[in-house]
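I have placed the structure first, in the form of structure tokens, so that the comments after it can refer back to it.
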Amino acid sequence: MNPWRLWYTRPAEQWVEALPLGNGRLGAMVFGGITTERLQLNEDTLWAGAPSDWNNPNAHAALLEVREALFEDDLVRANALCKSLQGPFTQPYLTVGDLILDFDHGAAATDYIRELDLTRAVVTVRYAVDGVNYTREILCSHPDQVLIIRLSCDRPGALSLTARMESPLQSTAAVSGTDVLVLQGKAPKHVDPAGHERADPIRYDPSDGEGMTFEARLRVGAQGGQLWGEGDVLHIEAADEVLMRVSAATSFNGFDRSPSHEGRNPTVACVSDLDRSTRKPFVALLYAHLEDYQALFGRVSLDLGATDAVQQPTDKRLARFVEGDDPQLAALFFQFGRYLLISSSRQGTQPANLQGIWNPLVQPPWNSNYTLNINAEMNYWPAEVCALSE
């Protein structure tokens, strides 16, 4: 049994239970549902707002007052005055939305397994329904810049499903041709932080105003059966195997440029990534992904010993960890941290934010932004420790 995996015997019920995938820029949280699979999507440049002056011109004067209070040992007053040193809240990091797959088979599944293999950066979901074994293999490729989903089964023609995309941001979805689904949207001009809302906490400009635009594209290929689009849904009927590719991009064009007036066209990047990956079969996509990822993940090994606890699902191991007979779980936790950093921060991407690249909300905790007092630094501690150990 592979000791470097997180695995469970049921689908995720909450977002925090879903399994993360990422290539540094694109992120996905995989829920592993039986009749409905949800893949929550992120792209690391999708933020609310526009370039602004975040300086606080009154900070210098406030600093003098803080020092005066400290010299007088009035810590309560000094603490209150420190708030005058702060600038305004920054804008939040946002979600692209969800890819939803609805399967046309029963919900009474047996032999269910949902796992994330840290050595391969691949999520696999397996189960059986009415004597048919179904498998999903999902990965986020850095070399090819797409999310890849392979659906298979051991009975010809047993795969029937629909695919749709939705977003909590202003957006529309529509089928393009017979095999592509396009989600296009616009981010808010302003979002109040959670806990500091006003009457209108989420505000959008008109289509020609401020607000980053974004796009996600899904292309579906099916072996056997039928594939067609209708409105904002792609239909797959009686297929033997299905291969999906997802690309995403935004109009972000630099920290000092308006993403709406000086932004890039996200369609160009989406189409380019999707077309390039479509020229490769699944085996070639998987090989390129593994070669790239394992060159990073394989740099560090950690052996703390192992007991029979490694044979248990991860949630059960966590519940029993206080019993003190599972040293390998600590090593797994260490390697999971390295996995998350590799998956949320690669050369040429944005730095990992407070939640890496994974966020489902329009008003996430602490805006899912960058807090430089300690949190951004902590994200990179695993890389620093591993570099010192080499």
Taking region 105-199, which GluC sites (Glu not before Pro) meet the DSSP loop condition and have no more than 15 other C-beta atoms within 10 Å? E197
In order over region 277-290: 3J(HN,Hα) from phi, Karplus 6.51/-1.76/1.60, θ = phi - 60°, whole Hz, x for each Gly or Pro, gives 6, 5, 6, 10, x, 4, 4, 5, 5, 5, 4, 5, 4, 5
Positive end of the dipole of region 1-124, charges at C-beta (+1 Lys, Arg; -1 Asp, Glu), about the Cα centre: which of N79, Y93, L41 has its Cα farthest in that direction? L41
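If you place +1 on the Cβ of every Lys and Arg and -1 on the Cβ of every Asp and Glu, how big does the dipole about the Cα centre of region 1-144 come out, in debye to the nearest 20? Walk me through the numbers on the way to the answer.
Details: 11 positive and 20 negative charges, 50 e Å.
Computed charge dipole of region 1-144: roughly 240 debye.
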Binning at 10 angstrom from zero up to the longest distance, how are the C-alpha pair distances of region 287-390 distributed in percent? 12, 34, 35, 18, 1
Degrees separating the helix 59-71 axis from the principal Cα axis of the chain, which is the longest one: 70 degrees
Listed residues S251, S207 arranged by accessible area, highest first, probe 1.4 Å: S207, S251
In order through region 134-141: 3J(HN,Hα) via Karplus (6.51 cos²θ - 1.76 cosθ + 1.60), integer Hz, x for Gly, Pro: 10, 9, 10, 10, 10, 8, 10, 8
Reachable aspartates and glutamates from K280, Cα under 14 Å, same-chain residues fewer than 8 places away excluded? D144
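Classify region 175-334 as rounded, prolate or oblate from the Cα gyration tensor: take a ≥ b ≥ c as the square roots of its eigenvalues, call it rounded if a/c is under 1.5, otherwise prolate when a/b beats b/c and oblate if not.
Details: a/c = 2.07, a/b = 1.33, b/c = 1.55.
In terms of gyration-tensor shape, oblate.
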Sort region 213-253 into rounded, prolate or oblate with this rule: let a ≥ b ≥ c be the square roots of the eigenvalues of the Cα gyration tensor; rounded if a/c is under 1.5, and if a/c is not under 1.5, prolate when a/b is larger than b/c, oblate otherwise. oblate
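Ignoring everything except DSSP H segments at least 4 long, calculate the 222 nm mean residue ellipticity for the chain; use -39,500 (n - 2.57) per segment, divide by total residues, nearest 500. It would help to have the intermediate numbers written out before the result.
Values: 8 runs with 89 residues, N = 390.
Theoretical 222 nm ellipticity from helices: -7000 deg cm²/dmol.
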Under the Karplus relation with 6.51, -1.76 and 1.60 and θ = phi - 60°, whole-Hz ³J(HN,Hα) for region 249-256, x at Gly and Pro, equal 7, 10, 8, 3, 9, x, 5, 10
Mind checking which of A107, A12, A199 has the largest fluctuation in a GNM of the chain, springs on alpha carbons under 10 Å? A199
Need one number: convex hull volume per residue for region 125-227, Cα atoms only, in Å³. 180 Å³
Cut-off under 5 Å, modelled amide H: who pairs with K189 long-range: G49, R203, Y204, D205
Could you please state how large a percent of the accessible area of the chain is carbon and sulfur, counting protein chains only and using a 1.4 Å probe? 54 percent
For the chain, modelled as a GNM with alpha-carbon contacts under 10 angstrom, which of S272, S368, S258 fluctuates the most? S272
Which lysines have a Cα less than 29 Å from the Cα of K83, not counting those fewer than 8 places away in the same chain? K189
Mean separation of Cα contacts under 8 Å (6+ apart) over length of the chain, as relative contact order %: 20 percent
Pop a pseudo-label 7 angstrom from the Cα along the beta-carbon direction at both T110 and R67 and give the gap in nm to one decimal. 7.6 nm
Prolate/oblate/rounded call for the chain, Cα gyration tensor, a/c under 1.5 rounded: oblate
For the chain: accessible area per residue (Å², 1.4 Å): 48 Å²
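If R219, R299, R317 are ordered by their accessible area, calculated over protein heavy atoms with a 1.4 Å probe, which sequence runs from highest to lowest? Write down the numbers at each step before the final one.
Working: R219 50, R299 150, R317 10 Å².
Of R219, R299, R317, the descending order of accessible area is R299, R219, R317.
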If you split all Cα-Cα distances of region 15-64 into 5 Å bins from zero, what percentages do you get per bin, shortest first? 5, 15, 15, 13, 9, 9, 8, 8, 9, 5, 3, 1, 0
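The values are calculated or read from the model by the stated rules, or taken from the named source; none is laboratory data. Since we're looking at a predicted model, the values are computed, not measured. With ideal geometry, Cβ positions are generated from the backbone for all residues, glycine too; neighbour counts draw on all protein chains shown. We work out accessible area using only protein heavy atoms, side chains counted, and drop any ligands, DNA or RNA first. Shrake-Rupley method; radii C 1.70, N 1.55, O 1.52, S 1.80 Å.
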